[in-house]
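Everything below concerns the one structure shown next.
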Amino acid sequence: MASLKELKNRINSVESTKKITKAMQMVAAAKLRKAQEAAEAARPYAERMAAVMANLSSAMEGPDAPRLLVGTGKDDVHLLVVATADRGLCGGFNTNIARLARERVAALVGAGKTVKILTVGKKGYEALKRLHKDKIVDTVELKDVKSIDGSTAAMIGDKIRTLFEAGEFDVCEVVSSEFVSVISQKPRAQTLIPARDAIDETVERPDLKGAIYSYEPDEESILEVLLPRYVDTVILSALLENAAGEMGAKMAAMDSATRNAGELIDKLNLEYNRSRQAKITKELIEIISGAEAV
Amino acid sequence: MADKLHFDLVSPERRVFAGEVDMVVVPGSEGDFGVLANHAPFMSTIRTGAISVHSGNDVSRTFIRGGFAEVTAAGLTILAEEAIDLADVNAEDVSKSLAEAREDLGQARDDEERHEAEARIEKFQALLSELSH
């Protein structure tokens, strides 16, 4: 059995760990509220944007349609945009996203496609570089970004559009985490380019009731303005949901770490008291038997 | 009073306005247009400028930059990259920001910084001209 001093040291160290995890949990809870508000505030824009895109894309047919909308007509090269957090200590959050990304890569490679990866967030890069380093074409780290806003999304959107215009890929998918609730985050993969497929996945085509839109200037010019913005919007909402999910996962992870530390302290205290008593009893016995011998 | 128009103004960060109004005047890229209730379906890009929201005798003006307007049977939706209530800003602050942006332009080291400063100058100039109305 460990000595009393050793036990006392263990207890102290677990206690300070508990304090740290408790503090991290509270920080995560505060940040979660902010991130959740941001994610929810961004939702109307994304929804309206998707609805408008659905309207427009049903009006656009034929070979003149922009390539961002209808794709290149091939699906040989896939770009996976893997968005994770930049920091760990949030349970299975990053691992789950990376696992889904690996599954997608395996599925696509199995189907004979070429896969390229763009990682957003340090943890995703770290998780994927071991197996798929040759496929990673670019990485974006978020650690310099104080708060995620339109400009962050535009920066990533620009990278994707530049790659697309250079003919580097045909289909783009975003792998990120869906913020279901504070305690539940689900990794998901959604199509980004061609935008038409993405819209078909998410939005129901609105019933226009035979109404004919008039456009100013015209459909093509509007789409030209709209499509890049649509890409940015999808990325922004993915990033915001990720941020909220990360905080939610971190809060849950730190909560259970705090609880585990508490349990461990209880157990150690019990052991400490038991060995202290054993020691006292032993000393008493020694004294008594010493006295009897006299 | 005739029917009310449902009007949504959303920016990527938040929903700026949602409610029933009488009329909204929008600076379309090919000219200003007013939207009343029961407008025909219509879609337009927007140039940087101010929208006027008419509700009863009140007119509130909001500066918007980048985006587009969509009119459906359900109402008018404006998706703007940026929306600033003109009642929240004063000309002095904007002039100051404009001067700062000009200074940044002078000190810009590469094209990226230059473009960024130019975009800011453009925005503040437009904002200033709307404020003087």
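A short reminder: the numbers here are calculations on the coordinates, not readings from a lab. What you see is a predicted model; the values in this text were computed from it and never measured. Don't worry about glycine lacking a Cβ; one is built from the backbone with ideal geometry, like all the others, and counts go over all protein chains shown.
Tabulated data
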read-out	value
Degrees, to the nearest 10: B:111-131 long Cα axis against longest axis of chain B	50 degrees
Chain A: equivalent-ellipsoid semi-axes (sqrt of 5 x gyration tensor eigenvalues, Cα, Å)	57, 20, 14
Label-to-label distance, nm, for residues given as residue B:14 and residue B:100 (7 Å Cα→Cβ offset)	2.0 nm
Shielding by partners - mean other protein chain Cβ count within 10 Å, residues of B:64-72	4
Using alpha-carbon coordinates, inclination of helix B:91-107 to the longest axis of chain B, degrees	40 degrees
Relative contact order [Cα under 8 Å, 6+ residues apart], segment B:90-131, whole percent	51 percent
Of A:119, B:24, A:98, farthest towards positive along the dipole that unit charges on Lys, Arg, Asp, Glu beta carbons give the protein assembly as shown	A:98
Helical segments meeting 27 Å axial Cα length and Kyte-Doolittle -0.5 threshold in chain A (DSSP H)	A:4-59, A:219-293
